[in-house]
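What follows is a short report on a single structure.
Each reported figure results from applying straightforward, stated rules to the coordinates on display, with no laboratory input. Since the structure is predicted, the reported quantities are computational estimates derived from the model, not experimental observations. Positions of Cβ are generated from backbone atoms using ideal geometry, with glycine treated the same way; all protein chains shown enter the neighbour counts.
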Protein chains: 2
Amino acid sequence: MDQAQSFAGKRVLITGGLGFIGSNMARRLADYGAKVTLVDSLIPEYGGSLFNIAGLEDRVLVNIADVRDRHSMAYLVQAQDYLFNLAGQTSHMDSMEDPYTDLEINCLAQLSILEACRQHNPAIKVVFASTRQIYGKPDQLPVNENHLLRPVDVNGINKMAGEWYHILYNNVYGIRATALRLTNTYGPRMRIRDARQTFLGVWIRLLVQGQPFEVWDGQQLRDFSFVDDAVDAMLAAAISEQANGRVFNLGGERAVNLRELADLLIKANGGEGHYEIRSFPANRQRIDIGDYYADYGCIAKTLGWEPRVHLQKGLALTLDFFRQHLQNYL
Amino acid sequence: MDQAQSFAGKRVLITGGLGFIGSNMARRLADYGAKVTLVDSLIPEYGGSLFNIAGLEDRVLVNIADVRDRHSMAYLVQAQDYLFNLAGQTSHMDSMEDPYTDLEINCLAQLSILEACRQHNPAIKVVFASTRQIYGKPDQLPVNENHLLRPVDVNGINKMAGEWYHILYNNVYGIRATALRLTNTYGPRMRIRDARQTFLGVWIRLLVQGQPFEVWDGQQLRDFSFVDDAVDAMLAAAISEQANGRVFNLGGERAVNLRELADLLIKANGGEGHYEIRSFPANRQRIDIGDYYADYGCIAKTLGWEPRVHLQKGLALTLDFFRQHLQNYL
C-alpha cells in the first residue's frame, strides 16, 4: 500500500500545523484524502501563519490552541489516527534568553500531550520532530544515532527530553511513537523574517529582496533537507510498525560548507546576488557546534527513505515560492 | 590542601540538606568548619527529616523552602561559595504516576537554580547529584560515561535534562559545575520507610524489625556506594577545577547480585534474618534495566576518588544506626 492509500480517510492531527513543515505536510495529507486538523497558537516569533495554508482552508480544520494548554490538547488528540507532533520552540538564541518558555513548550507540553494520548487515545501513532541540535558538537562525521547526546543550548536539552518522553511512552505504555532528528530543513513556507528556524531563511529573504547577505565563517559543513523530503520521512515513519520506539536521523544528500551553499543559492537565483563573509558573533560562538552532517543510513535501511530533492533544485523551488509570496512572509 | 582545610570558613548551601546524603554531608562540612545552610521542603514522601540533623542543629542553618520556589532560591544562592544540589524527586514509580511533579523538581527547578546562580552569584561552584538511572539498560558492563543515555522512566529523562543544564551553564556562562552519576547509595539516615530511594532501605527496615524481606529475582547485578564515599566524591568534585563541566560515574568496589547482597546483609546482621525470592512485579518490570555496575575509572583518574567502605562494613554500620534510631525512621 502506498503512502497516499495509507492516509486516505485517516484522521490526522498536526501540532504546529500552521508552521513551515506542518503546513507543507497538511497539503500533502489533504491531497491524500486525510481528515486533517491543524493545531497552532500563532505565536508571532514562531513559524505559524495562516498564509501557509492559503488555498487549503476548505480542506483542513484549523484549531488555534497552544500545546501548553493541557485541557485543549486532551480533547484534540481524541479519535485521531496519527499525531504529527511538530509544535516547538526552535530558536537556540531564544532558548538561552528565555529558558523557561523553551522548557514549557519543548519539554512540559510534550509530556502532557503524551499523557493525553495515554489517557484518551492510546491507539494513536505519534511522530515527533526532534533535531540534530541535541547531538551538540560531533566527535566524528557523519553523525549516526549512536553518537552521544551533548546538547550545547537549552533548546537542545529540552528537545532531548521531549524526544525521550516519546520513546518512553512507546516502550512503557505502548503509545506508538517515532522520533526523527531533523537537520536544517528548508523550502516554501519556511520562516524567513529572521534566523529563528535557520540562518538560510534570512539569506533567502535578503536575496529575494535584492540585498547582500552575510555568511559567518563560511567553512562550516552542514546538511540540508528539502521540506518535501522531511514530510516524506515523517509519513513513512507514521505508517511503519518497525519505526515504533525508534529514533532516526534525517540528512541531506551531501554536506556543503556555508560558502558553497551561498554560491549554490546565488546560482539558483540565476547568478544574481552577493554575500559577505563575516566572523562568527561572540554570543553564537558559545553555542556553536562546528561541522555537522548526518548519517541517515538507519532510516534508509528501515524505512527506505532517502533525500530525493537535490540542494540546487530545492533552493530554486524555495526562491520561486518566496519571489511570488514575499510580502506574506515579511 | 586537604578537604577539611578547603572548606573551613566556606559558605555552603545544600539543597535537599535534610535528606539522606545532604544530612551526612552537612555533618562532615560542619566538622570541617564550613558555614552550612540546608534547604529542604520536608515533603513527606521524600528523604528529608529533622532527625537527620539531630545534634547538629546549632552548627548549621536550616531554611525550609522548596527548590521550585524561584524567589527563595534566588536569595539563598547569594554569597555562597559552594552549592551541593541534591534536592530531587528520586522515586521511579512516583515519576511514572505523577510525571509533572518530577519534571518540576528535577528539571524546571534545576534550571531556575542555575539561572539564580547566573544572575546573583556566578562565582559559585555547583555539584549536582545525578544518577546512573539515566543510562537505562546497559549495552555493556561496566558502564562508563561514554555509554549512551537511554532513560527508561520519566525520572531518568528529567534527571538527564537537569544534569545537562548544569553542564551547559558551566560551558556557556562559566557557572562552574560538576555532575556525579550516583549509583545505589546506602548508609545511616537513608529512607527506609519505603523503596523510594532504594529497595535496600526496605530490606534494612524489615531486617531491623525482625521480619523477612523480599528479594525480587535475585540474579540482577548492582553496585552500591556507602554514603560517606558519595560525600567524599562530592566534596572532591567541589574543590577541583579539573572537575568543572565534567560528568563522573560513582561506583561500588564490586558488583554483587541481589541474592548475594541479601546474604551479606544478613551476615552483617550477625547471621539473623530471612528473605524470600519473588519474581519481578509487572509494573516494575517495564522500567527495569537488568544488570548495572559502573566503571568509575574517570573520577578515580581525575580526582583520585575510589570507594573506601566495603559493602560488608557499610551494611554493618547502616544496621547499627537503624537499630539505634529505628523509631525516627518509621
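Table for the structure above
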item: A:TRP305 long-range amide H proximity, modeled H, under 5 Å; result: A:ALA300
item: Rg/Rh (Cα only; Kirkwood hydrodynamic radius) as it applies to the range B:124-191; result: 1.01
item: Average projected area [Cα convex hull, chain B], square nanometres; result: 15.1
item: Zero-based 10 Å bins, Cα pair distances in the protein assembly as shown, whole percents; result: 3, 15, 25, 23, 17, 10, 5, 1, 0
item: Shortest-first distances to equivalent copies, position A:GLN327, nm, label 7 Å out along Cβ; result: 8.5
item: Cα centroid separation - the range B:79-155 against the range A:272-330, whole Å; result: 34
item: Using alpha carbons only: equivalent-ellipsoid semi-axes of the range A:263-329, gyration tensor based, whole Å; result: 26, 24, 13
item: Rounded to 10°, Cα long-axis angle of helix B:258-268 versus longest principal axis of chain B; result: 90
item: Helix axis angle, A:109-120 relative to chain A longest principal axis, alpha carbon, degrees; result: 20
item: Calculated FRET value between B:VAL172 and B:TYR100, using beta carbons and R₀ = 22 Å, to 0.05; result: 0.20
item: Computed label-point distance, nm, for sites A:ARG68 and B:LYS267 using a 7 Å Cα→Cβ extension; result: 5.6
item: Label geometry 7 Å along the beta-carbon vector: B:SER279 inter-copy distances in nm; result: 6.8
item: Residue-averaged 222 nm ellipticity for chain B, from DSSP H runs of 4+ at -39500 (n - 2.57), nearest 500; result: -11000 deg cm²/dmol
item: Residue of chain B nearest the B-to-A rotation axis [by Cβ], rounded angstrom distance; result: B:ALA161, 2
item: Local electrostatic count, B:GLY22, Cβ distance below 14 Å [Lys/Arg +1, Asp/Glu -1]; result: +2
item: Per-bin percent of Cα-Cα distances, the range A:185-301 [5 Å]; result: 2, 10, 17, 21, 19, 13, 9, 6, 2, 1
item: The range A:23-134: relative contact order in percent, alpha carbon pairs under 8 Å with at least 6 residues between; result: 27
item: Helix A:227-238 vs. chain A, principal-axis angle (Cα, 0 to 90°, nearest 10); result: 20
item: Spatially close lysines, pair count over chain B: Cα under 16 Å, gap of eight or more or interchain; result: 5
item: Distances in nm from B:GLN219 to the matching label points in the other copies, shortest first (labels 7 Å along Cα to Cβ); result: 5.5
item: Enclosed volume per residue, in Å³, of the convex hull spanned by Cα atoms of the range A:53-167; result: 135
item: Estimated distance in nm for a label pair at B:ARG308 and A:GLU214, the labels positioned 7 Å out from Cα along Cα-to-Cβ; result: 5.5
item: For the range B:17-103, alpha-carbon Rg over 2.2 N^0.38 Å; result: 1.13
item: Neighbour net charge for B:THR198 - beta-carbon separation under 11 angstrom, K R +1, D E -1; result: +2
item: The range B:10-37 versus the range A:168-194: alpha-carbon centroid distance in Å; result: 44
item: Environment charge of A:VAL172, counting only residues whose C-beta is closer than 9 Å and scoring Lys/Arg +1, Asp/Glu -1; result: 0
